[in-house]
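Comments concern the structure below.
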Amino acid sequence: MHFTVMLSADVPAQLLPARSQMAFTLASHIILVPLGVALPLITLIMHGYGLRRGDETALLLARRWSAVMAVQFAIGVVTGTVLSFEFGLLWPGMMGRWGDVFGIGFGVEAWAFFLEAVLVAIYLYGWRRLPARTHFLLGLPLPLAALLGAFGILAANSWMNTPRGFTLDPAGNPVDVKIWKAVFTPMFGPQYWHFVVAMLVTAGYVVAGVYAVGWLRGRRDRYHRLGFTIPFTLAAVCTPVQFVLGDSIARQVFHKQPVKFAAMEIVWKTDTHVPEYLFGRLQPDGTVKGGIRIPQLDSILAGFRPDTKVTGLTSVPAADRPTPAEATITHFAFDAMAVLGSLLLLLALWYALVLLRHRRLPASPWFYRGAACAGVASVAAVECGWITTEVGRQPWIVYQNMRVAEAVTSTRSTSLWIMFGVVVAVYVLVFGSLLVVLLKMRARWRIADERGGPRTPGDAPETDTPYGPRSGAGSAGAGNASSAEGRP
């Protein structure tokens, strides 16, 4: 309640609907991002494995995953475009003043998007039109284009967290922009690698989770084993790496954004021997209610020593720090991300222990239940990571240079609420369409599998790529392409 009172008293009426819409569209878009960034790599790993081993099952999986990748990319275009327009429509103050400084990141992302669109189209159509090796080699730039897009977005976001590469004129406007400094800010490296590995972990668990569900339902053929093993192994290898990177970026926040760190750990006053609270709630008077208190742990985690001094929220004026409610949200998101990451690490260790000791996949149904839940858990962890990043920076949209309230549009709040409602309705339609398309694709593939697998181009639903000629219309050409690739 105190959060609502402060919001209505101290900030424009437009801020709540603008932030709500941005939060909704970003949270929706980020569900698709892991597959957009990492599914091309997972698909190419499966594709390369199939070519190297002459494995028709692996090639079938890669071909089907490429169709999913194309559908996901199309939906990501819609949600990503909405976000791009929202920057200008909802936050004209930021774009008008700071666009020349950090806009290079959005420019890089736009080029990466167009490049990725071309490469996805080539790879998708290439299954029936190109020789095997040529097709595979033309797909190799796809993961690099995805990483380039992530580079652009993370460059912009890390600049918002640690703005560099400019000087301010007497009117407070940025001049003398230095592009390299604006791109490679102190938080760029930690944020970028933490994000990229998170995408690999999440996409790996999401894809593997589909086949874990199949295993639990009794589908234990080689198709499901291979579909589970390759993405899950990638995710399991990356999980401990992500754990280390997460610890590293938290320590970078401690040094570069101490007030955000104070919000993440709900530290009210600057002190040493600071305790760690798991899921506690910060009150307006600085006390912490609920949660589990672990003495001195926060100081130890921040500086490896109990006498490490941790900056508190009260080190800056109230107008320059997150409210107690925002700090609690940030803290809950951070703790949830850490807990989910720890559970995923235990699952990865279980997998590695069985694989290394017995040279086989785990047999326990509980492992596959955990694997089936791992995809949802990893997506939730990604959402929590972005909540931590964005809410913990409040009230700044450009850290210590521009407040969110200064950047928001002057459009009437009623109009913003109406626009928010329209966006929600559109997103429900878009994501509903995505679900329908994926379910139809699954049904077609299951029909093919029940008939004993595809035997001719005319009998193979998965060879009919979206927006391309049907195999029945050119069965001879499709047959030649299939023969060239060594697949049925």
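Note on surface exposure: Lys260, Lys289 rank Lys289, Lys260 by accessible area, highest first, 1.4 Å probe. As a calculated quantity, the FRET efficiency between Val376 and Asp100 at R0 = 35 Å, using C-beta atoms, amounts to about 0.30.
Can you run the Rg to Rh ratio on the chain? Use alpha carbon positions and the Kirkwood inverse-distance Rh. Before the final figure, lay out the partial values.
Working: Rg = 24.5 Å, Rh = 24.4 Å.
Looking at the chain, the ratio lands at 1.00.
If you sort Lys256, Lys269 by accessible surface, 1.4 Å probe, largest first, the order is Lys269, Lys256.
Note on exposure: Phe73, Phe232 ranked by accessible area (1.4 Å probe, complete protein assembly) read Phe73, Phe232, with the most exposed listed first.
Tell me, what is the percent relative contact order of the chain, built from C-alpha pairs under 8 Å that lie six or more residues apart? Walk me through the intermediate numbers first.
On the way: 711 pairs, mean separation 96.7, N = 488.
In percent, rounded to a whole number, it is 20.
Looking at the stretch 103-199, which trypsin sites (Lys or Arg not before Pro) are in a loop (DSSP not H, G, I, E or B) and have at most 15 other Cβ atoms within 10 Å? Before the final figure, lay out each step's value.
Working: sites: Arg128, Arg129, Arg133, Arg164, Lys178, Lys181; in loops: Arg128, Arg129, Arg164, Lys178.
Filter output for the stretch 103-199: Lys178.
Counting only heavy atoms of the protein chains, get the accessible area per residue of the chain (1.4 Å probe) and round it to a whole Å² value. Let's see the in-between values first.
Working: 22360 Å² over 488 residues.
Normalised by residue count, the accessible surface of the chain is 46 Å².
Given R₀ = 35 Å, FRET efficiency for Glu450-Leu138 by Cβ-Cβ distance, to 0.05? Calculated value: 0.60. The calculated 222 nm mean residue ellipticity attributable to helices in the chain amounts to -24500 deg cm²/dmol, summing -39500 (n - 2.57) over DSSP H runs of n ≥ 4 and dividing by all residues. Multiplying the residue separation of Ala23 and Leu429 by 0.36 nm and removing their Cα-Cα distance gives an extension gain of 144.3 nm. Of all lysines in the structure, those lying under 16 Å Cα to Cα from Lys181, and not within fewer than 8 positions of it along the same chain, are Lys256. Spatially, the stretch 400-431 and the stretch 177-253 are offset by 31 Å when compared through their Cα centroids.
Mean separation of Cα pairs under 8 Å and 6 or more residues apart, divided by the residue count, gives the stretch 24-136 a relative contact order of 30 percent.
Report, to the nearest whole %, how much of the accessible area of the chain belongs to carbon and sulfur atoms, 1.4 Å probe, protein only.
Values: 14920 of 22360 Å².
Carbon and sulfur together cover 67 percent of it.
Here the label points at His255 and Thr414, each 7 Å from Cα along the C-beta direction, are separated by 5.2 nm in the simple model.
In this structure Ser20 has an accessible area near 30 Å², from a 1.4 Å probe over the protein heavy atoms.
Applying a DSSP loop filter and a limit of 16 other Cβ atoms within 10 Å to the trypsin sites (Lys or Arg not before Pro) in the stretch 319-392 leaves Arg359, Arg360.
The values are calculated or read from the model by the stated rules, or taken from the named source; none is laboratory data. Please read all numbers here as calculations on a predicted model, not as lab measurements. No Cβ is skipped: glycine too gets one built from the backbone with ideal geometry, and neighbour counts run over all protein chains shown. Quick note on the areas: whole protein, heavy atoms, side chains included, nothing else; ligands and nucleic acids left out. Shrake-Rupley method; radii C 1.70, N 1.55, O 1.52, S 1.80 Å.
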